[in-house]
Amino acid sequence: MKKLNLLKGIIDFVWLLTITSIPFIILFIGYIVFFSEEFFPIKVNGTEITANTISTKILLFSLTIAYILLVYCIYLFRKILRLFQQRKIFDLLVIGNFNKMGYLLLFASIIGGVSNFIVQFMKNKITLEISLNPYVLMFCMGLFLLVLSEVFKIAKSQKEENELTV
């Protein structure tokens, strides 16, 4: 239980930092997308974006959407940890939140990966790099959470079946 409380404390701290950054990011990106003609380069996941054209502004906006989806995943994870603390492990909310988190991570990784590829393509810097890409890791985590959701669903049905036979 100490590990669960430690994890919940860390996730709560990360949640506090990310939720306070969202209004500033939205205002900053909104200003760049709608009012600014040219702005200094912004570095997102190792890729520099200069928002001077409509296409780069759209890409910057899509990366902001991906960030907000990730913050929502942290919120859902906090809810799961709270249910775990209440000893509600095989609850339908846990299964549903794992499922939502999986799809959100898949969607955010696709948005971020495609946006990152388009930025690199526009800069003529397409390279083949064999490394751990954050978008690939996010995609894998999304798939893992979908599988975990199914495992919890099976475990819940077996638990209910076991309780009926006892």
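Distance between the modelled labels on LEU148 and ILE26, one decimal in nanometres: 2.7 nm (7 Å Cα→Cβ projection). For the peptides 59-68, 10-19, residues were scored by their other Cβ atoms within 10 Å and the scores averaged per peptide; the highest-first order is 59-68, 10-19.
Net charge dipole, region 2-155: roughly 720 debye, given to the nearest 20, about the Cα centre with Cβ charges of +1 for Lys and Arg and -1 for Asp and Glu. When the square roots of the Cα gyration tensor eigenvalues are ordered a ≥ b ≥ c, the ratio a/c for region 60-113 is 1.5 or more and a/b exceeds b/c, which makes its shape prolate. Distances between placed amide hydrogens fall under 5 Å for ILE42 paired with ILE49, THR50, ALA51, all partners being 5 or more residues away or on another chain. Rank LEU132, PHE13, PHE34 by how far each Cα sits towards the positive end of the charge dipole of the chain (+1 on Lys, Arg Cβ; -1 on Asp, Glu Cβ) and give me just the farthest. Final value for the positive-end residue is PHE13. Extension gain, LYS79-LEU6: 0.36 nm per intervening residue step, less the Cα-Cα distance, totals 24.8 nm.
Compactness check for the chain: Cα Rg over 2.2 N^0.38 Å is 1.28.
Pairs LYS3/LYS88; LYS8/LYS159; LYS2/LYS153; LYS2/LYS156; LYS2/LYS159; LYS2/LYS88: which are spaced more than 23 Å apart, C-alpha to C-alpha? Cα-Cα > 23 Å for LYS8/LYS159; LYS2/LYS153; LYS2/LYS156; LYS2/LYS159; rest within. Toward the positive end of the charge dipole of the chain, with +1 on the Cβ of Lys and Arg and -1 on the Cβ of Asp and Glu, the farthest Cα among LEU106, LEU59, ASN116 is that of LEU106. For region 1-97, what's the relative contact order in percent, using C-alpha pairs closer than 8 Å and at least 6 residues apart? Answer for region 1-97 is 30 percent.
Any read-out appearing in this document is the output of simple, stated calculations on the displayed coordinates, not a laboratory observation. Only a predicted model underlies this, so the values are computations on that prediction, with no experimental measurement involved. Methodologically, a virtual Cβ is constructed for each residue, glycine included, from the backbone with ideal geometry; neighbour enumeration extends over all protein chains shown.
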